[in-house]
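Asker: The structure that follows is given in the form of C-alpha cells.
Every number here is computed from the coordinates shown, using simple stated rules; none is lab data. Because the structure is a prediction, the values reported are computed rather than measured. Reconstructed Cβ throughout: ideal geometry from the backbone, glycine too, with neighbour counts over all protein chains shown.
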Amino acid sequence: MKYLIAFVLFFALTTRATLEATTHATLAVTATVAADCVVTAPVALDFGSYNPATASGPPEANAEALSIVCTNGAPGVTIGLDNGRSYAGSHRNLQSGNDGTVAYEIYTSPDYATPWNLVQTVSFAPTSSQPSAIALYGRVLPGQTPRPGHYTDSLLAMVNF
C-alpha cells in the first residue's frame, strides 16, 4: 500500500510538472500600406460673363478646383489634365450649341506661363491623408470674337503615383 501511495504521489507530481510546462514561438505580424490617390471634389472653373467688345483683357479664373486625397508620403504623385473634348490646334476650346468656340487654357501657376496638360503636370507631395486643394489658373485667350451663347468643356484629371 505504501508503494501505491508513493506511486500515486510520484505520478501526481510529475503530471502536474508536465502540465505546467510552457513553450513559446515568435508570431510575425505584417501589413503593407499601398500608395493611393483619389480626386475627391472636382469643382467647375467658371470664367463668368465675357463680352470681348468691352473687355479690357481676357477673363481669368482661379479656383481651388481639385481636391485630392493620397496616402501620407506617397512618392512621385503628379496630376495631369487632358486636353478636354474640344482641343484644336494648340489650345483647349469651350463650345456652345451654336457651333461657336472660345479658346482657353489652364495653367500650372498664377503667372500663366506653362499650360497644364498630360506632359506639363503638377507635382504633389502628400504630407497627410487629408484632402488637399490644388489650384487651377485659367485664362480665355485674347483676340477672339465669339457669338453669344453658353460655352462649356470638360477635362479629365489624371493622378499618377
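Asker: Could you run the Karplus curve 6.51 cos²θ - 1.76 cosθ + 1.60 with θ = phi - 60° over the range 72-78 and give me ³J(HN,Hα) per residue in whole Hz, x for Gly and Pro?
Answerer: The phi angles translate into 3, x, 4, x, x, 7, 10 Hz.
Asker: Rounded if a/c is under 1.5, else prolate if a/b beats b/c, else oblate: with a ≥ b ≥ c from the C-alpha gyration tensor eigenvalues square-rooted, which is the range 23-135?
Answerer: Values: a/c = 3.37, a/b = 3.08, b/c = 1.10.
Prolate is the answer for the range 23-135, as a/c is 1.5 or above and a/b outweighs b/c.
Asker: Turning to a different aspect of this structure: What is the dipole size for the chain, taken about its Cα centre, with +1 at each Lys and Arg Cβ and -1 at each Asp and Glu Cβ, in debye to the nearest 20? Display every interim value, and only then the final one.
Answerer: Working: 6 positive and 10 negative charges, 140 e Å.
That gives a dipole near 680 debye.
Asker: Specify which residue in the list C37, I106, L118 is farthest towards the positive end of the charge dipole of the chain, using unit charges on the beta carbon of Lys, Arg (+1) and Asp, Glu (-1), about the Cα centre.
Answerer: Ranked along the dipole, the leading option is C37.
Asker: Right, another one. Give the share of C-alpha pairs in each 5 angstrom bin for the range 46-100, from 0 to the last occupied bin, in whole percents, shortest bins first.
Answerer: Taking every Cα pair in the range 46-100, the percentages come to 4, 11, 15, 20, 19, 12, 9, 6, 4, 1.
Asker: Using each residue's phi in the range 26-36, evaluate 6.51 cos²θ - 1.76 cosθ + 1.60 at θ = phi - 60° and report the 3J(HN,Hα) Karplus result to the nearest Hz, with x for Gly and Pro.
Answerer: For the range 26-36, the Karplus curve yields 8, 10, 7, 10, 9, 7, 10, 9, 8, 6, 8 Hz.
Asker: Here is a follow-up. Tell me what the chain gives for mean residue ellipticity at 222 nm when only DSSP H runs of n ≥ 4 count, each as -39,500 (n - 2.57), the sum divided by the residue total, rounded to 500 deg cm²/dmol.
Answerer: Values: 1 runs with 18 residues, N = 161.
After summing the helix terms and dividing by the residues of the chain, the value is -4000 deg cm²/dmol.
Asker: Quick one: helix 2-19 against the long Cα principal axis of the chain, what's the angle to the nearest 10°, folded into 0 to 90?
Answerer: 10
Asker: Name the residues whose placed amide hydrogens come within less than 5 Å of the amide hydrogen of N93, ignoring near sequence neighbours (fewer than 5 apart) on the same chain.
Answerer: Those lying under 5 Å, H to H, from N93 are S86, Y87, A88, Y104.
Asker: At a Förster distance of 25 Å, what's the computed FRET efficiency of T78 paired with A34, Cβ-Cβ distance as r, to 0.05? Don't skip to the answer; put the middle values down first.
Answerer: Numbers: r = 18 Å, r/R0 = 0.70.
Once the sixth-power term is evaluated, E becomes 0.90.
Asker: If you take the charge dipole of the chain about its Cα centre, with +1 on Lys and Arg Cβ and -1 on Asp and Glu Cβ, which of N51, G143, P75 is farthest toward its positive end?
Answerer: Result: P75, furthest along the dipole toward the positive end.
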